[in-house]
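Read the figures in this text as sums done on the coordinates, not as results from a lab. The shown structure was predicted, so the numbers you read here are calculated from the model rather than taken from an experiment. Cβ coordinates were reconstructed from backbone atoms using ideal geometry, including for glycine residues, and neighbour counts include every protein chain displayed.
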There are 2 protein chains.
Amino acid sequence: MQDKINRQVILTSRPSDIPQADNFSIDTSDIPTITEGEVLVRNIYLSVEPAMRGWVSAVANYSEPVPLGGVMRALTVGKVIESRHPDYGVGDIVTGMFGWQDYAAVDGDKVQRRVETNGLPISTALGILGINGVTAYFGLMDIGQPKQGETVVVSTAAGAVGSCVGQLAKLQGCQTVGITGGPEKVALCHEAFQYDHAIDYRSEDVDAALTTACPNGVDVYFDNTCGPISDAVMKHINVGARIVLCGTASITNWDPIPMGPRVQRQLLVKRARMQGFLVFDYNDRYGEAISALTPLIKADKLRYREDVLEGIDQAPDAIASLYRGDNLGKRLIRIANESE
Amino acid sequence: MQDKINRQVILTSRPSDIPQADNFSIDTSDIPTITEGEVLVRNIYLSVEPAMRGWVSAVANYSEPVPLGGVMRALTVGKVIESRHPDYGVGDIVTGMFGWQDYAAVDGDKVQRRVETNGLPISTALGILGINGVTAYFGLMDIGQPKQGETVVVSTAAGAVGSCVGQLAKLQGCQTVGITGGPEKVALCHEAFQYDHAIDYRSEDVDAALTTACPNGVDVYFDNTCGPISDAVMKHINVGARIVLCGTASITNWDPIPMGPRVQRQLLVKRARMQGFLVFDYNDRYGEAISALTPLIKADKLRYREDVLEGIDQAPDAIASLYRGDNLGKRLIRIANESE
């Protein structure tokens, strides 16, 4: 390995809102040496998340901001190529917060989990069987608590989380309504993700479209957007509605906090609940979600899409590209072959 | 009774925001005749609620608006003076939605309950042992779910609901912080209602005062105000906070919906919950709350204040007066003597 180098994507400046390519540089360094208790991971897929905007923001958040000059924080899946930890052996596929880099020296106790592929591609560990599927599963089931016959509305409905939410709600016997942007994603919502209705917020009046799509009102709203789309959905909530706050993709800057229609009276009159949700609070329950999702995927009852960029050079622009809506499916970056 | 008349407070015009005296008139009519299944109630105390603003509003709400030309909807406590219902006899003290009027012919099945005074004044049936105490009890215990050692913040802290919430939270072993307006109410919060801290929003910077009063952040916020006070509290919520939406006293007009800082990101980052609450959903559980509250009152562990106006002529201005903050304690109107 002496002839190999570690390419790392470094945060060089703090964006004012959505991280752009020029907020990062790609540096090279030596492959790290591991010490007792660590494993050396060769990253294969890097994940790209909407939440990364928050991870690089200096505004108060649920985690410390990525430091300037530091490797970009990211979930990855990779292969153990050297181990000084009793639980992991060379060749194991593992996933965790190993960063946007080729190689990571990782405390074995910080490995999120060993990936059991069950015949599915290892990339699923970053999407439908990773943060996105687990987010969808617990966000919908624990916070949204859908009941058979209810109407569930999902924003960013064709996205990695939203598409899973819509399908899980459908499997619960709910009417599902997806809100997404552009005809290609509307088609995906209908054909791949089996929504009963799909609304194109770019070409339709969302409020009017919801009146048609939700004649019985909205019981669960899985909100990945905030902003005007959510303001429209709020007008349609039923008594006892549950609003799952999972993301705020429509709002590019939270400092200062943007203004919007006050939600309190509608929540009060409807005795409704709006609740924030972070998948990291469910770290101890990943297995439960994965056990529920895996057989659904294998039976083709739960579908997913991946949108894979090739090479670490794609990383710096990858978050901005996500916010431009360029991707169809879970955005990943492949930086090595599994068989390497 | 032939020589008696029934004075009734009639809604004559719909207010654009807070109902004023000139939205009502006082008419007289004959005392109604009851039919089989009805009781004739002589009202003794009329209740005045902040929620009455909503009851006369044409804007969509949780109940049908009071019709123009109709008797103002109100909770009252009174005496059965004639009965054609097997469950009620002459002399029974009863409470229910009998309206701002001297006499009401009431379907016996619409009587909310027979008041067992347990040695306490019958006026308590409209306050601490009525809608206010029951609102405080279920709003705090069911929705707020305070745990020992947590910090509970209450807005309109000296009011009929807020003062009960603060004391119940204190009895749960919580740190309690009341927000109220003016030195007289601040003194009430400290002396009568045993808040650990009381903040005067009229003379203090609420945000700064909360920093001092809540060094460990806010776990439960019982919100009767909405508006700038609540915006300040939101900055201080802890991970897992519960925000009970009980009233929106700071907002005088909801049509169109006023703008405020968007709450979604703070709720998301803090995995917090904002939930609307209406006491009418707990009609079947009144007894549970009253059984819990009565011994606390008798043991002087739970204090209440009443602010009693004399005579039905006071009714038309009574709601506006409430919003001006004129009252210290539960606002009632006495229109007859109990012994009459």
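Relative to the longest principal axis of the Cα atoms of chain B, helix B:286-298 runs at roughly 80 degrees.
By the beta-carbon count within 10 Å of each Cβ, the least crowded to most crowded order of A:83, B:203, A:163, B:25, fewest first, is B:203, B:25, A:83, A:163.
For chain B, the dipole from Cβ point charges (+1 on Lys and Arg, -1 on Asp and Glu) about the Cα centre works out to 1060 debye, to the nearest 20. For residue B:4, the label point sits 7 Å beyond Cα toward Cβ; its separations from the matching points on the remaining copies run 9.5 nm, from shortest to longest. Seen against the Cα atoms of chain B and their longest principal axis, helix B:162-171 is set at about 60 degrees. Using the average count of surrounding beta-carbon atoms within 10 Å as a protection proxy, the listed peptides B:8-17, B:126-135, B:299-308, B:71-80 rank, highest first, as B:126-135, B:71-80, B:8-17, B:299-308.
The phi torsions of the stretch A:329-339, fed into the Karplus equation with coefficients 6.51, -1.76 and 1.60 and a -60° offset, translate into couplings of x, 4, 7, 10, 10, 8, 10, 7, 8, 4, 8 Hz, rounded to whole numbers, with Gly and Pro shown as x. Normalised by residue number, the volume inside the convex hull of the Cα atoms of the protein assembly as shown is 173 Å³ per residue.
In order along the stretch A:144-160, the Karplus-derived 3J(HN,Hα) couplings, from 6.51 cos²θ - 1.76 cosθ + 1.60 at θ = phi - 60°, round to x, 6, x, 10, 3, x, 6, 9, 10, 10, 10, 9, 6, 5, 9, x, 5 Hz, and Gly and Pro are given as x.
Name the shape class, rounded, prolate or oblate, that the alpha-carbon gyration tensor gives for chain B, where a ≥ b ≥ c are the square roots of its eigenvalues, rounded holds for a/c under 1.5, and otherwise prolate holds if a/b is larger than b/c and oblate otherwise. Prolate is the answer for chain B, as a/c is 1.5 or above and a/b outweighs b/c. Given H placed on each backbone N at 1.01 Å, which residues far from residue B:243 in sequence or on other chains put an amide H within less than 5 Å of it? Those qualifying (amide H under 5 Å, at least 5 residues apart or on another chain) are B:221, B:273, B:274, B:275. Remark: the stretch A:20-128 carries a charge dipole of roughly 300 debye about the Cα centre, counting +1 on each Lys and Arg Cβ and -1 on each Asp and Glu Cβ.
Summarised in one figure, the compactness ratio Rg/Rh of the stretch A:83-236, Cα atoms and Kirkwood Rh, is 1.09. Sorted from shortest, what are the nm distances separating the label point of residue A:235 from equivalent points in the other copies, each placed 7 Å from Cα along Cα to C-beta? Distances to the matching label points in the other copies: 3.3 nm. Starting from the label point of residue A:33 at 7 Å along Cα→Cβ, the same points in the other copies fall at 10.6 nm, in ascending order.
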